[in-house]
Amino acid sequence: MSSYERIAGAERVCFRDVVQRFRLIHERPDTLREAFAHLFRKRTSYHDFEALKGVSFTIHEGETVAIVGRNGSGKSTILKIIAGVYRPTAGEVRVSGQVGALIELGAGFHPDLTGRENIVLNGLLLGLSKREIQSREQQILDFAELGEFIDSPVKQYSSGMYMRLGFAVATEIDPDVLLMDEILAVGDAAFQQKCSARIDDYRQRGKTIVLVSHDLSTVRQLCHRVLLVHNGVLLEDGPANQVVARYEELLHNPGDTVMSAPASS
Amino acid sequence: MGQLIREILKNRELIWALALKELQVRYKRSALGFLWALLNPLLMMVILTMVFSTVMRVPVHDYPIFLISTLLPWTFFSQSLAYSVESIVSNGDLLKKVYVAKSVFPLAAIVSNLINFLLSMVPLVLLLVVFRFPFYRTWFYLVIPFASLFLFTLGCGFFFAMVNVFFRDMAHILQIVLQAWFYFCPIIYSLDFVPARYRPLFRLNPLAYPLNGFRLAIYYGQLPSLASMAMSLLVGIVALAVGYRLFQRSQDSLVFYV
């Protein structure tokens with residue numbers, strides 16, 4: 001059981017009236033042939049889809065906040081905006097401190113490079129310097145537990161090994177704000193335990209965590225505070241139990257149709 | 001431009017690592033590995049020499065050297081573009097998940113070809129030794145055509161990488177354009193062969209200036225006119241300024257289209 005409390009501290013993430021519009025394309029003229037075809041068929045083949053319709057919230061240092069909502073509600077879009085992947089269409093976003101995004105583990109691994117080579121490449125992609133990576137290599141290796149596989153190309157890894165390496169690199173960066181998108185279920189039970197231990201350690205050291213999860217018991221357990229988004233609108237922002245209950249209500253409300261968005265492709 | 005320099009400095013380790021990865025992946029599991037970087041231009045030179053010197057009898061002494069002095073820089077240019085045009089699109093999945101300065105991908109593509117280009121200077125030197133061809137002092141001057149070519153390539157690389165995101169035909173169009181451009185450049189011939197009345201047309205080719213600089217320094221042992229040097233540098237700087245500006249202007253929307 002966790003309770004909602006406002007922890008005094010610096011602002012880490014601040015959204016003010018953030019709008020994210022995607023151009024949903026039905027048939028975008030991707031090629032010359034299609035472009036020609038479109039010259040003759042003069043109708044717009046897109047409509048604008050608002051994944052976020054003016055979302056405002058502030059997350060302070062040391063908070064662990066979950067974002068819940070149905071598929072296509074805009075959860076991942078929020079994370080990607082915090083990570084800097086998307087530049088929002090309108091509104092103001094302020095983020096302070098280094099952001100570490102576990103949006104997809106092992107994004108940027110090259111299949112032909114070995115685990116060791118990928119640690120360096122991935123670390124650089126995530127914003128570390130080569131020296132910082134080298135000084136943390138041993139910890140990453142210890143955490144990922146890949147044994148002799150570390151010097152084989154990652155295309156030969158099992159999916160669990162791949163995820164373990166990705167998790168090890170991404171969390172070893174030790175960012176001020178850690179973003180996690182549905183990545184709590186990594187590897188086997190033993191490894192999952194190590195992962196949650198690492199996340200607990202983060203929280204204890206006063207780091208900020210923003211996570212997206214459908215696993216409501218984890219959310220209740222980990223988070224002080226939950227944001228509920230629905231169709232791009234922030235419906236509720238409050239203590240975990242209260243918001244999760246509201247979300248469950250929403251989930252079981254059959255009268256409500258939710259449009260699914262391709263925002264998190 | 002200041003922005004570009006800052007991005008390069010900030011991401012230099014990443015750019016270098018990506019460039020090395022590119023080479024590593026390109027040569028991995030091939031028996032000759034890095035030797036291909038040396039063999040490729042030599043074999044190309046042998047083919048073109050057979051066609052143009054032996055069969056068509058282009059009246060040039062030491063044709064292989066005449067040819068390779070511009071063939072190597074051309075290969076750098078065309079390969080760099082072929083790699084950079086795909087660089088953003090092929091890293092699209094990554095761009096959607098991690099924030100990275102977009103410019104690192106075209107830059108890495110070009111740096112990896114730059115390494116190849118520098119390696120390919122080894123067979124050039126060997127060739128000069130084998131042909132007992134003199135090393136002119138004008139080699140020192142190569143810095144200028146080299147810098148011009150590099151800047152021009154960067155500018156084009158940024159431009160094509162960006163356009164290809166919005167318009168995927170670009171990669172295919174570029175292939176044809178590069179083929180035509182090859183014949184339009186003074187590589188297998190020199191501008192003196194071109195009938196005088198067409199020469200102004202050939203001078204419109206921005207690549208002609210740096211390529212000619214390479215040939216003058218290596219093959220003729222001469223320096224180009226100051227005007228020609230200035231022109232080649234200017235072309236490079238303008239290309240980079242324009243190419244990067246266009247790239248920068250759309251870099252925030254690239255992620256929505258990859």
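The values are calculated or read from the model by the stated rules, or taken from the named source; none is laboratory data. Only a predicted model underlies this, so the values are computations on that prediction, with no experimental measurement involved. Please note: Cβ atoms are built from the backbone with ideal geometry, for glycine as well, and neighbour counts cover all protein chains shown. Side chains are part of the model used for accessible areas, which takes the heavy atoms of the whole protein and leaves out ligands, DNA and RNA. Shrake-Rupley method; radii C 1.70, N 1.55, O 1.52, S 1.80 Å.
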In Å, the Kirkwood hydrodynamic radius from C-alpha pairs for the protein assembly as shown sits at 26.1 Å
If the label point is 7 Å along Cα→Cβ of B:Phe182, which residues in the range B:53-90 have backbone nitrogen under 16 Å from it?
B:53, B:67-83
Interchain or long-range residues, amide H under 5 Å from A:Thr64's placed H:
A:Ile209, A:His224, A:Arg225
Scattering profile of the range B:185-258 at q = 0.13, 0.15, 0.25 Å⁻¹ [log10 I(q)/I(0), Debye over alpha-carbon scatterers]
-0.53, -0.63, -1.17
Find the relative contact order for chain B and round it to a whole percent, using C-alpha pairs within less than 8 Å whose residues are 6+ positions apart.
27 percent
Using the Karplus curve 6.51 cos²θ - 1.76 cosθ + 1.60 with θ = phi - 60°, what ³J(HN,Hα) values do you get for each residue of the range B:175-188, in whole Hz, with x for Gly and Pro?
4, 5, 4, 5, 5, 5, 4, 4, 6, 7, 8, x, 10, 7
Dipole of the protein assembly as shown (Lys/Arg Cβ +1, Asp/Glu Cβ -1, origin at the Cα centre): which of B:Gly157, A:Pro88, B:Phe193 lies farthest to the positive side?
B:Phe193
Can you work out the FRET efficiency for the pair A:Gln139 and A:Arg33, with r the C-beta to C-beta distance and R0 = 45 Å, to the nearest 0.05?
0.30
List, in order, the whole-Hz ³J(HN,Hα) value for each residue of the range A:218-224 obtained from phi through the Karplus relation with A = 6.51, B = -1.76, C = 1.60 and θ = phi - 60°; use x for Gly and Pro.
4, 4, 4, 6, 8, 9, 6
For the Cα atoms of chain B, what angle does the longest principal axis make with the long axis of helix B:143-166, in degrees from 0 to 90, nearest 10?
40 degrees
How compact and how long is chain B, expressed as Rg and Dmax of its alpha-carbon atoms in Å?
18.8, 57
Residue-span extension gain [B:Gln222 to B:Leu9] - 0.36 nm each, minus C-alpha spacing:
73.1 nm
If packing is taken as the average count of other Cβ atoms within 10 Å, what order do B:64-72, A:96-104 fall into, highest mean first?
B:64-72, A:96-104
Taking the square root of 5 times each eigenvalue of the Cα gyration tensor, what semi-axes in Å does the equivalent ellipsoid of the range B:1-57 have, largest first?
36, 19, 5
For the range A:187-225 and the range B:120-164, what is the centre-to-centre distance using only Cα atoms, to the nearest Å?
54 Å
Calculated from backbone phi, Karplus (6.51, -1.76, 1.60) coupling profile of the range A:230-235 in Hz, x at Gly/Pro:
8, 6, x, 10, 7, 7
Most mobile of B:Gln79, B:Gln24, B:Gln248 per a Gaussian network model of chain B (Cα springs, under 10 Å)?
B:Gln24
Taking N as the number of residues in the range B:74-141, what value does Rg over Cα atoms divided by 2.2 N^0.38 Å take?
1.59
Within the accessible area of the range A:67-202, what % is carbon and sulfur when the probe is 1.4 Å and the other protein chains stay in place?
45 percent
Around A:Val55, which amide H atoms from residues at least 5 apart in sequence, or from another chain, sit under 5 Å from its own amide H, with H modelled in the peptide plane?
A:Asp17, A:Val18, A:Val19
Given only helices, namely DSSP H runs of n ≥ 4 each adding -39500 (n - 2.57), what is the per-residue ellipticity at 222 nm of chain B, to the nearest 500 deg cm²/dmol?
-23000 deg cm²/dmol
Count of lysine pairs in the protein assembly as shown with Cα atoms under 19 Å apart, counting only pairs 8 or more residues apart in sequence or on different chains?
16
Angle check, please: helix B:63-90 long axis (alpha carbons) against the longest principal axis of chain B (alpha carbons), in degrees 0 to 90, nearest 10.
10 degrees
I need the peptides A:227-238, A:64-75 ranked by packing, meaning the mean over residues of other C-beta atoms within 10 angstrom, with the highest value on top.
A:64-75, A:227-238
Enter the mean number of other protein chain beta carbons within 10 Å of the beta carbon of each residue in B:8-20, as an integer.
3
Given a 10 angstrom Cα cut-off, can you work out which residue in B:Arg137, B:Arg197, B:Arg29 is the most mobile in a GNM of chain B?
B:Arg197
Starting at 0 and stepping by 10 Å, how many percent of the alpha carbon pairs of the range B:123-258 end up in each bin?
11, 32, 32, 18, 6, 1
Say we join alpha carbon atoms closer than 10 Å with springs in a Gaussian network model of chain B; which of B:Asp169, B:Asp192, B:Asp62 then has the biggest fluctuation?
B:Asp192
From other protein chains only, count the Cβ atoms within 10 Å of every residue's Cβ in B:86-98, then give the mean.
4
Helix B:35-49 versus the longest principal axis of chain B: what angle, 0 to 90°, nearest 10, using Cα atoms?
50 degrees
